[in-house]
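Structure first, commentary second.
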Amino acid sequence: MKIAIRNGRIIDPARGIDGIGDLVIEDGKIKAVKSQKSKGRSQRPEITGATREIDARGKLVLPGLVDLHVHLREPGYEYKETIRTGTAAAVRGGVTSVCCMPNTNPVNDNASVTEFILKKASAEGACWVYPIGAITKGQKGEELAEMSIMHEAGCVAFSDDGRPVMDSLMMRRALEYSKVMNVPLISHCEDLSLSSGGVMNEGLLSVTLGLKGIPPQAEEIMVARDIALAELTGGRLHIAHISTEGSVALVRAAKKRGIADVTAETCPHYFSATEEAVGDYRTNAKVNPPLRRKRDVEAIKEGLHDGTIDVIATDHAPHHRDEKLGEFDFAPSGISGLETLIGLSMRLVDEGVLSHEGLVEKTAVNPARIIGVDRGTLAPGAAADLTVVDTETEYTVGAAKFVSRGKNTPFDGWVLSARPVITISLGRIHEWE
């Protein structure tokens, strides 16, 4: 099958391309790209004989996004999400590659679970699925998982996400293994002794609401520890979902010191909303780490702007409606984020925080580089993973219409002005009005 996409603004930072042009796909791969504003040479696409032509005039044509931080919930929690529904939500959000976290049931702490995920994704997935294995067995922080065997089975990174590795020696050993295998450890930075029982950001609002708070230092202490261990071991450290001004400063300082193998991500909710979103006990705004203060939001934006933060990931954490309807103290943390990724992130471009090219770097190029996969580019010969984005038509976020089983979002009812209208993934065209 030959597909021609015409007249779109093609943005591919990996190849220095940003301009109006045409793109040709043949047999599931990019055949050629022609752009009027290319920093390098680009082939003139052969348009004749196309089975399908798509007019992308006035729209962006981007590499399929690569999400480093997704909870697909399968196996074990299929009532929250499945590989089928989670990957369908991904392509609806312009994401063509997802890295799924290991806090399933059973935990992805052995090759058998890894192989199950890959087999299920091959049969039912709408996009590429890259498993992330647990650092410790059962995510209990007591014994290292068989990381090397899991890596051979297909894990692209390791994390105990949802829980930190509290034992510093355990984290040191894991970082040493990460160096040998050349894979990142994705660290959930949280000092449990400081965050224990906390359900939102610690401050005046938490006191007013009568809710136990989580201080920023619960995150920052562990960010500092893990950076120190990365410096000690030379291991590859990727810091997940940073949310505070202090965490941004610590990562910035580490990079200035030349600790090259430290990278960091944040999520759209940390640059789009503050603790005020919790309001009168709105559980859809309960997330871990919690939404923070306005000054933290501004620091996150500055960290994205100056390159301190390498990646925007969703931390897509779908939950069943009944779970989120419980009391705030007992409702699970998490936001269903795949389907609002582009809409919320494009606001950074509107605000001048990032350029379009910079946004694609944070959501496609850098994540692919960090996990070492050949994604996030529109280079000839690459898999035809891409998304066509309409940035001119406003729409209202409707959680009830999410493809994901998780409808838990604090952004329900928000008016956004960027969303995918076509995503091509695994050789299939998905399109929406």
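Dipole of the chain computed with +1 at Lys/Arg Cβ and -1 at Asp/Glu Cβ about the Cα centre; of 144, 4, 223, farthest Cα towards the positive end is 4.
Maximal additional length on extending the residue 204-residue 431 stretch stands at 77.2 nm, based on 0.36 nm per residue less the C-alpha distance. Sequentially through segment 253-266, phi angles give Karplus couplings (6.51, -1.76, 1.60; θ = phi - 60°) of 5, 4, 5, 5, 7, x, 7, 5, 9, 10, 10, 8, 10, 9 Hz, Gly and Pro residues having no value and appearing as x.
For the chain, adding -39500 (n - 2.57) for each run of n ≥ 4 DSSP H residues and dividing by the number of residues yields -8000 deg cm²/dmol at 222 nm. Each part gets one Cα centre, and for segment 171-191 versus segment 283-311 those centres are 23 Å apart. Roughly speaking, what is the centre-to-centre gap between segment 56-72 and segment 411-433 when only Cα atoms are used, to the nearest Å? Using only Cα atoms to place each centre, the spacing works out to 9 Å. Rounded to the nearest 20, the Cβ-based charge dipole of the chain about its Cα centre (Lys and Arg +1, Asp and Glu -1) stands at 1040 debye.
Please compute the contact order of the chain in relative form: average sequence separation of alpha-carbon pairs under 8 Å and at least six residues apart, divided by the residue count, as a percent.
After rounding, I find 19 percent.
Other residues with beta-carbon under 14 Å from the beta-carbon of residue 247 carry, at +1 per Lys or Arg and -1 per Asp or Glu, a net charge of -4.
Since every read-out is calculated from the coordinates, none of them should be taken as a lab result. Treat the numbers as computed from the prediction; the structure is a model and nothing was measured. Ideal geometry is used to build each Cβ from the backbone, glycine not excepted, and the neighbour counts take in all protein chains shown.
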